[in-house]
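Presented below is the structure to which this report refers.
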Amino acid sequence: MVLYQLEPTRIITIYGAQGILFAFFIFLAYKILKRDRKRLNIIFSLFYLSVVVGLFINFIYAPIADANIVLILNFLTNFFIYFAVVFLVVFELILLKSEKVITFPKQLLIILIYGIGLFCMILFVFVPGWGVTLNPTWAPIWSIPFFIYVMLVVTLGGIIPTLYFALQISKKFEDEILKKRWKFFIIGVCALFIFMYGIFISNMLDISTVRIAMGALGLILAIIGGYLIYYGVGKSIE
């Protein structure tokens with residue numbers, strides 16, 4: 001395996017900024033599971049833990065200079081980070097309908113369908129002009145077909161359902177305090193989705209200043225969004 005020396009900006013971005021996000025999301029997942037380990041809490045925590053797995057894989061491949069290994073591990077990073085959204089969808093469905101309606105097999109089916117759709121992006125990865133290439137600093141560059149495919153899967157399978165169910169849940173609250181806290185959840189979700197779209201676009205454009213700006217802005221959006229999602233659910237929601 002060939003390694004190369006990372007540039008200072010990439011070290012700061014990957015191991016500094018993303019390292020902070022990594023630790024923060026582990027902390028939030030711990031807080032959720034410490035409160036209660038019933039299935040609803042486990043599903044909610046998996047949203048954070050899926051992102052954590054994706055970031056951890058990113059830490060591993062960052063200094064590697066083997067194109068095939070980098071592309072495979074970059075695919076896994078993308079998969080786990082974008083896979084996280086489906087756990088919010090399932091979590092909201094349980095809140096909206098209850099576990100008696102959204103049974104465990106139904107939960108698995110939703111997760112499986114979204115996971116298969118997302119995993120199919122590997123079919124693009126190694127196809128010239130359709131997948132992912134690497135720039136001189138080994139950062140991934142998304143082709144337009146790959147960009148469109150990931151956008152469609154994440155938007156249709158994750159983002160739209162998450163926002164739709166969140167709004168439906170908001171209408172059911174009679175308690176104004178809970179309703180207000182749930183608005184923080186929606187704001188947090190929106191912040192994370194803006195961050196995700198920003199990463200999609202910066203990977204496609206491959207402009208150094210855009211990557212740096214998105215890295216800084218993304219850290220802020222991800223931390224604020226992750227916390228507001230946690231805060232918005234609150235200890236009192238059953």
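Judged by the mean number of other Cβ atoms found within 10 Å, the most tightly packed of the peptides 36-43, 199-206, 82-89 leads the ranking 82-89, 199-206, 36-43. The orientation-averaged projection of the convex hull spanning the C-alpha atoms of the stretch 41-97 amounts to 3.6 square nanometres.
Of the residues I111, A29, I159, the one whose Cα sits farthest toward the positive end of the charge dipole of the stretch 8-233, with +1 on the Cβ of Lys and Arg and -1 on the Cβ of Asp and Glu, is A29. Excluding same-chain neighbours fewer than eight residues apart, the lysines reachable from K97 by a Cα-Cα span under 20 Å are K38, K106, K171, K172, K179, K183, K235. Per residue, the convex hull spanned by the alpha carbons of the chain comes to 116 Å³. Once the Cα atoms are used to define both axes, helix 104-119 deviates from the longest principal axis of the chain by about 20 degrees. If the Kirkwood radius is taken over C-alpha pairs of the stretch 52-175, then at 10 °C and 1.306 mPa s the Stokes-Einstein diffusion coefficient equals 99 µm²/s. Compared with the dominant principal axis of the Cα atoms in the chain, helix 39-61 is inclined by about 10°. Sorted on the mean count of surrounding Cβ atoms within 10 Å across their residues, most packed first, peptides 179-188, 128-137 read 179-188, 128-137. Summed over qualifying helices (DSSP H, 4 residues or more, each -39500 (n - 2.57)) and divided by its residue number, the chain shows a 222 nm mean residue ellipticity of -25000 deg cm²/dmol.
Oblate is the label for the stretch 6-87, because the ratio a/c of its alpha-carbon gyration tensor axes (a ≥ b ≥ c) is 1.5 or higher and a/b is not greater than b/c. Tally Lys and Arg at +1 and Asp and Glu at -1 over the other residues with C-beta under 12 Å from the C-beta of V90: what net charge comes out? Neighbour charge sum, excluding V90 itself: +1.
Each value in this text was obtained by applying a stated rule to the coordinates, not by laboratory testing. The shown structure was predicted, so the numbers you read here are calculated from the model rather than taken from an experiment. As a convention, Cβ positions derive from the backbone with ideal geometry for all residues, glycine included, and neighbour counts pool all protein chains shown.
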